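Every number in this text was worked out from the coordinates using simple rules, so none of it is lab data. Because the structure is predicted, anything quoted here is derived from the model rather than measured. Every residue, glycine as well, gets a Cβ built from its backbone with ideal geometry; the counts of neighbours run over all protein chains shown.
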Amino acid sequence: MVAGTVRGGADNAVGATAYAERRAKVSARLRETGVGALLIEDTEGRRNPSVRYLCGQPGDALLVISASGSSVLIAWDVNMARSMASIDDILAYTDFQRLPAKALEGALARLEVAPGAQVELPSVTPYPSYVDFVEALPDYDLLCKAGGMDGFILDMRAVKDSAEVGLYRRAAAMTDALMDEIEAGVKSGRLATELDVALFIERECRIRGCEGTGFETLAAGPSRSFGIHCFPPFGSSAFGVPGMSILDFGLKLEGYTTDVTMTFVRGRRPARAELMIELVEQAYASCLSRCGPGSPSRTVALAADEIFAAQGFVMPHGLGHGVGLEAHEAPAVRSRADNTAILAAGHIITIEPGLYDPDLGGVRLENDVLITSEGAEVITHSRIVRL
């Protein structure tokens, strides 16, 4: 049987009870589908923050959950796991020759999962690794399929509970305060280059208690803002000078990231550039008004496409996406025909219409929106800044 519960992660916003309840839902689903155990892997090359979602461990670990309700974490860094994870049992990866298949074998034995049981592997498991698992565990029926438990957990992650919503409100307030300081810095000339802005965010977010940025900051001055995601993400080019500059960033607080985009506009603009700005603001307002529980996210996204198409423009990316432990999570908010997502209370999504011109540059406006039982609440307050 497993050892006593380790509760190292109980001091964060989520807490040990919530982690246990989440794993209980996974175990119940395993029982419903006749699967004996599930492997979730967060390793280099195959990152999966579902491990953190289910126990608090920030990464570099294998998590095995059984249908009976017990679980075991096999961690690269046992000291870190004992400090941060809230889980039934913790084992060291080195105890299994640092081999995933042997680690899974040991976890199944520890959890007393009977031979012959179905064991689900991550859907992203490469075929050579799948073969290694099969050879190492001939007494189990190993499953590896698209969707499955991976999809079930992603759907769980999409609906934020009260602790997650509270955490997001804190992160959003930090993001808003930082945007105010960035705007003041660009206006005064103190933040004059892409590098100035990006490194200011990196420093300030940590001073304010964040883990860091949720993704690499995208800071593009007028010479590079034509790209949806500029490459490289930031450099030494001038920022906030005549033309349109785009800043896309997020702050990571206890694993959860915000995601906002500001556009800075300076100087006289050609009529086409002014039209692009006006259309983005119009599309943002129109799409936001369509957000609420029960709304198909495709319908929300189509509103932006229609506004742009009426003036001969095409938005080259989706309208938005869910945010959480990853910058891009469920639900999708896009106009693709295969998008069947329905917005629900607890979803936190981005609305980020944008238009781009190879000569004029680009403009994008993005905020994070909490879907509530009554409608939608904008929790960050990004904007298009006219300098």
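List of remarks:
- Pairwise centroid distance, computed over Cα atoms, of the stretch 300-330 with the stretch 207-267, Å: 18
- Sorted by Cβ density within 10 Å, fewest first, the residues Asp139, Asp357, Asp259: Asp139, Asp357, Asp259
- Rounded tilt (10° steps) of 194-207 against the dominant C-alpha axis of the chain: 50
- Magnitude of the charge dipole for the chain, about its Cα centre and with charges confined to Cβ atoms of Lys, Arg (+1) and Asp, Glu (-1), is about 620 debye.
- Taking Val119, Val265 and counting other C-beta atoms within 10 Å, the order from fewest to most: Val265, Val119
- Projected label points at Glu374 and Glu211, each 7 Å from Cα along the beta carbon direction, are separated by 3.2 nanometres.
- Counted charge near Ala376, where neighbours are those whose Cβ lies closer than 12 Å (Asp, Glu -1; Lys, Arg +1): -2
- Pairs over the 23 Å Cα-Cα cut-off, from the set Lys102/Lys145; Lys25/Lys145; Lys25/Lys102; Lys160/Lys252: Lys25/Lys102.
- Diffusion of the chain by Stokes-Einstein, at 4 °C in a medium of 1.567 mPa s and with Rh set to the Kirkwood radius over alpha-carbon pairs, works out to 58 µm²/s.
- Shape summary of the stretch 183-274, radius of gyration then Dmax from alpha carbon positions: 13.4, 44 Å.
- The helix-only estimate of mean residue ellipticity at 222 nm for the chain, built from DSSP H runs of length n ≥ 4 each weighted as -39500 (n - 2.57), is -11500 deg cm²/dmol after division by the residue total.
- Over all pairs of different C-alpha atoms in the stretch 159-386, the reciprocal of the mean inverse distance, the Kirkwood hydrodynamic radius, equals 17.5 Å.
- Annotation: for a label point projected 7 angstrom from Cα along Cα→Cβ of Val124, residues of the stretch 22-40 with backbone N closer than 20 Å are 38-40.
- Positive minus negative residues near Ala92 (Lys, Arg vs Asp, Glu; Cβ under 13 Å): 0
- Set of aspartates and glutamates with alpha-carbon distance to Lys187 below 16 Å, sequence-local pairs under 8 removed: Asp196
- Under Stokes-Einstein, with the Kirkwood radius over Cα pairs as Rh, the value for the stretch 161-216 at 10 °C and 1.306 mPa s is 131 µm²/s.
- Judged by a Cβ-Cβ distance under 4.7 Å, the unpaired cysteines of the chain are Cys55, Cys144, Cys230, Cys287, Cys291.
- For the chain, the longest principal axis of the C-alpha atoms and the axis of helix 148-158 are separated by about 50°.
- Axis angle, to the nearest 10 degrees, between helix 16-33 and the longest C-alpha principal axis of the chain: 70 degrees.
- log₁₀ of I(q)/I(0) at q = 0.08, 0.11 Å⁻¹ - the stretch 6-157, Debye sum with one point per alpha carbon: -0.18, -0.36
- Taking other C-beta atoms within 10 angstrom as a stand-in for reagent exposure, Tyr168, Tyr93 fall in the order Tyr93, Tyr168, fewest first.
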